[in-house]
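Everything on this sheet refers to the single structure shown next.
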């Protein structure tokens, strides 16, 4: 499937420095920053620097270096924020929305790292 990237989206503008963000981590291929409308005590967004619409676009077209960097950036944010699951039962939720039915709001791949308190069920059973 061909993907059309909109370079006017908010994350593209953040990457170009047109919009400020509260940076958590910068790597050669990724950027992590605090969400401006947090849905949990900890809410960090991680985005690739490349122009990828969603996760399947990224997985199909990103270089091995970009994929490894992005994956490690997520892990490093979890380490920096003290979210690694351990004996205390802490942890985090990692979410990436894609497309209309997935409720994707910004057409640039991003993952949400949510944590800081029990988050409840992600999806209610279909009924």
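What follows draws every value from the coordinates through simple rules; no lab data is involved. Note that the structure is predicted; figures quoted are calculated from it, not measured. Because the Cβ atoms are built from the backbone with ideal geometry, glycine has one as well, and the counts that use them run over all protein chains shown.
Label separation (residue 105 vs residue 68): 3.4 nm, computed from points 7 Å beyond Cα along the C-beta direction. In the chain the Cα-Cα distances spread across 10 Å bins starting at 0 as 12, 43, 34, 10, 1 percent of all pairs.
Based solely on its DSSP helices, what 222 nm [θ] is calculated for the chain when runs of n ≥ 4 H residues each add -39,500 (n - 2.57) and the sum is averaged over all residues, nearest 500 deg cm²/dmol? Can you show the working numbers first?
Numbers: 3 runs with 30 residues, N = 127.
Value at 222 nm, helices only: -7000 deg cm²/dmol.
Placing one equal scatterer on every Cα of the stretch 1-43 and applying the Debye formula, the log10 ratio I(q)/I(0) at q = 0.28, 0.29 Å⁻¹ is -1.06, -1.09.
Between residue 79 and residue 10, full extension at 0.36 nm per residue minus the direct alpha carbon distance yields a gain of 22.2 nm. Here 6, 88 are placed in order of increasing Cβ neighbour count within 10 Å, fewest first, which gives 88, 6. Taking the Cα atoms only, what angle lies between the long axis of helix 64-80 and the longest principal axis of the chain, rounded to 10 degrees? Tilt of helix 64-80: around 30 degrees.
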